[in-house]
Amino acid sequence: MTETTKSMSNIQEQIEQEREQARAICDTAGAESGECAAAWDAVEELQAEASHQRQMKPKNSLEQYCDENPEAAECRIYDE
């Protein structure tokens, strides 16, 4: 499993937990309460993060290598 897949799996679990919590808060505090709105805002923020992670292009092997070894000859960037 890649790091992105693990991360997406983890964020989906967090979204589900936040949904359950939001439902419980809204049942207790009422659908028009500030607590209910804040709980659903937290769900929306996690969903936005999940969407952002899906759109990110995974780094290729050279990009990963250069992240770990920026001083390597293969990773030099020349300005002309």
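The values are calculated or read from the model by the stated rules, or taken from the named source; none is laboratory data. What you see is a predicted model; the values in this text were computed from it and never measured. Every residue, glycine as well, gets a Cβ built from its backbone with ideal geometry; the counts of neighbours run over all protein chains shown. With ligands, DNA and RNA removed, areas are computed over all heavy atoms of the protein, side chains included. Shrake-Rupley method; radii C 1.70, N 1.55, O 1.52, S 1.80 Å.
Okay, here's what the table says:
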| item | result |
| --- | --- |
| With all protein chains modelled, accessible area of ASP27 [1.4 Å, Å²] | 130 |
| 222 nm mean residue ellipticity, helices alone, for the chain (DSSP H n ≥ 4; -39,500 (n - 2.57); rounded to 500) | -24500 deg cm²/dmol |
| Approximate spin-label separation TYR78-GLN47, in nm, with each point projected 7 Å along Cα-to-Cβ | 5.0 |
| CYS66 - accessible surface, heavy atoms, 1.4 Å probe, Å² rounded to 10 | 30 |
| Net length gained if the chain between ALA24 and SER9 were fully extended (0.36 nm per residue, minus Cα distance) | 3.1 nm |
| Intensity falloff of the chain expressed as log10 I(q)/I(0), Debye formula with alpha-carbon point scatterers, at q = 0.22, 0.27 Å⁻¹ | -0.97, -1.14 |
| Karplus-derived HN-Hα couplings along segment 55-60 (A = 6.51, B = -1.76, C = 1.60, θ = phi - 60°), whole Hz, x at Gly and Pro | 7, 5, 7, x, 6, 7 |
| Cβ-derived FRET efficiency at R0 41 Å, LYS59 paired with ALA38, nearest 0.05 | 0.70 |
